[in-house]
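Read through the structure below, which is laid out as structure tokens, and then see the notes.
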Amino acid sequence: MLWLNVASGKAVDLIFSSLWLAVVIWLILRAVSQRGLLPRLAVAAAPSADAAPHVTVIIPARDEAANIARCLRSLLAQDYPVSRLGVLIIDDHSADETAAIVRAIAARHPQVSLLSCPPLPPRWTGKSHACWIGARAAPPQSEWLCFVDADVWGRPALLSSAIHAALTQGIDLLSLAPRQELRSFAERLMLPCGLILLSFLQDLRHVQGHDGSAVTATGQFMLIRRDAYEAVGGHAAVSNVICEDLEVARLLKQSSRSVLLMGGDDLIATRMYTGWRTLWPGFAKNLVDTLGGRRVTLSFTPLAVLLAWAAVAIPIIDAFACWQGAPNAWTALVVALLGSAAAFGLHIAATFYFRIPFWYGLLFPFGYTVGAAIALDSVRRRLTGRVIWKGRTYS
């Protein structure tokens, strides 16, 4: 009987360790395949002034004094024909020096314009309202509208390359995923875990396809054909939506327009947050939408935490069995260590991609744990009907 119990325990340990290894391998392969399904924006030469469509870049800005100058400098350095490019900043009631900085730059560069946003109407979010005001103020000759966040900057070939890709591929909405610049501990702990989790959850083959309502996009850079934007009602059609970028993209896709997200690592960069003070509310305001709704959020975030800590717990359990002298427990330990090494290896590889110290990859169980807390806070905010962002409360 004792022999059967020992053999049974040994079998259970080996089964759990083997399942752990299989799950890790499957998740890594899925993440790698998702990465392969995200086309990269190629650098293209600037078009001639005669061939270039007119583009208006619209930047909604609320208290962006720390970012707006760098964003504007990068836009003014674009190799896109100056006569075919306008830059419109919508100051959304900033309490800092945002407007003053823009006025100083606009005084030297006539293609830059500053527009003060009217009071926020009921049932509108601030960003949707600012984007809509900017779209309506764009000159009639603008064939494309390019919505860019104030914390984004790009290389000189950014707009030329984006327009070239949109025209040659027949894209109505081209969104670009920027390279993330991570400086603080909070950013370096959370952003890699968040993007890896998305690579596990999203099915890019499905959301990047032409059929269905599933879609992916980022409001950090959205180049939209103007007639397509106006045909679906633009930001006025999603006036009270927190995650307005996804909803605009969804409206376009549902109207049989072409929507595509591309990787813009080589041409565009951003720093979304500066630490816990901005990162937590920034994630909490729309994480439930990013993950696919309340049900998915409540289902998968605890599972993500469980799997993250399994990388530590399963080898420890197997090592304890070895210490107790369980027969052949070393086999289970070796299998478990292979799975955990792969999990840690994935996250360490991510640190090289994000250009941060490798040891952040060793902290990923803490990252997913804090991420789960933010996800639960995001759900709580939706259930209570109160989402707070940049001094405003949305219901």
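Just so it is clear, none of the values below were taken in a lab; they were calculated from the coordinates. Remember, it's a predicted structure, so these values are computed and weren't measured experimentally. Glycine also receives a Cβ, built like all others from the backbone with ideal geometry; neighbour counts cover every protein chain displayed.
With respect to the chain, whose longest principal axis is taken over its alpha-carbon atoms, helix 185-201 is tilted by about 80°.
Mean sequence separation of contacting Cα pairs (under 8 Å, at least six apart), scaled by the length of segment 10-142, corresponds to a relative contact order of 25 percent.
Alpha-carbon geometry of segment 246-363: the Rg and the Dmax are 20.4, 65 Å, given in that order. Values of log10 I(q)/I(0) for segment 145-216 across q = 0.23 Å⁻¹ run -1.19, by the Debye formula with one identical scatterer at each alpha carbon and no solvent.
Kirkwood hydrodynamic radius computed over the chain comes to 22.8 Å, based on all pairs of distinct alpha carbons. The Kirkwood hydrodynamic radius of segment 271-313, based on inverse pair distances between different Cα atoms, is 11.9 Å.
The Stokes-Einstein estimate for segment 157-261, based on a Kirkwood radius over Cα pairs and taken at 37 °C with 0.692 mPa s viscosity, is a diffusion coefficient of 220 µm²/s.
Taken over segment 296-355, the alpha-carbon convex hull comes to 92 cubic angstrom per residue. Looking at segment 179-217, the trypsin sites (Lys or Arg not before Pro) that sit in a DSSP loop and have at most 13 other Cβ atoms within 10 Å of their own Cβ are Arg183.
Debye-formula intensities of segment 197-255, expressed as log10 I(q)/I(0) at q = 0.15, 0.30 Å⁻¹, are -0.45, -1.35 (one equal scatterer per alpha-carbon, no solvent).
Computed over segment 96-198, relative contact order equals 10 percent, with contacts defined as Cα pairs under 8 Å that lie 6+ residues apart. Over the chain, Cα pairs under 8 Å with separation of 6+ residues give a relative contact order of 22 percent. P(r) for segment 76-207, please, calculated from all Cα pair distances in 5 Å bins and given in %. For segment 76-207, the pair-distance distribution reads 2, 7, 13, 17, 18, 17, 14, 9, 2, 0.
The gain in end-to-end length when the Tyr353 to Leu115 segment is fully stretched comes to 81.9 nm, 0.36 nm per residue minus the alpha carbon separation. As a test of the formula, what do you get for the chain when each DSSP H run with n ≥ 4 contributes -39,500 (n - 2.57) and the sum is divided by the residue count, at 222 nm and rounded to the nearest 500 deg cm²/dmol? Here the helix-only value at 222 nm equals -17500 deg cm²/dmol.
Helix 329-354 sits at what angle to the longest principal axis of the chain, using alpha carbons and giving 0 to 90 degrees rounded to 10? For helix 329-354, the angle is close to 10 degrees. Using only alpha-carbon positions in segment 56-98, the gyration tensor eigenvalues give semi-axes of 22, 11, 5 Å once each is multiplied by 5 and square-rooted (largest first).
Largest GNM mean-square fluctuation among Ile89, Ile15, Ile28, using the chain with Cα springs under 10 Å: Ile15. For segment 1-134, the square roots a ≥ b ≥ c of the C-alpha gyration tensor eigenvalues yield an a/c of 1.5 or more together with a/b exceeding b/c, which makes the shape prolate. Using only Cα atoms, locate the centre of segment 305-380 and the centre of segment 57-124, then give the distance between them in Å, rounded to an integer. Taking the Cα centre of each part, segment 305-380 and segment 57-124 sit 44 Å apart. Cβ crowding within 10 Å ranks Asp149, Asp172 as Asp149, Asp172, fewest other Cβ atoms first.
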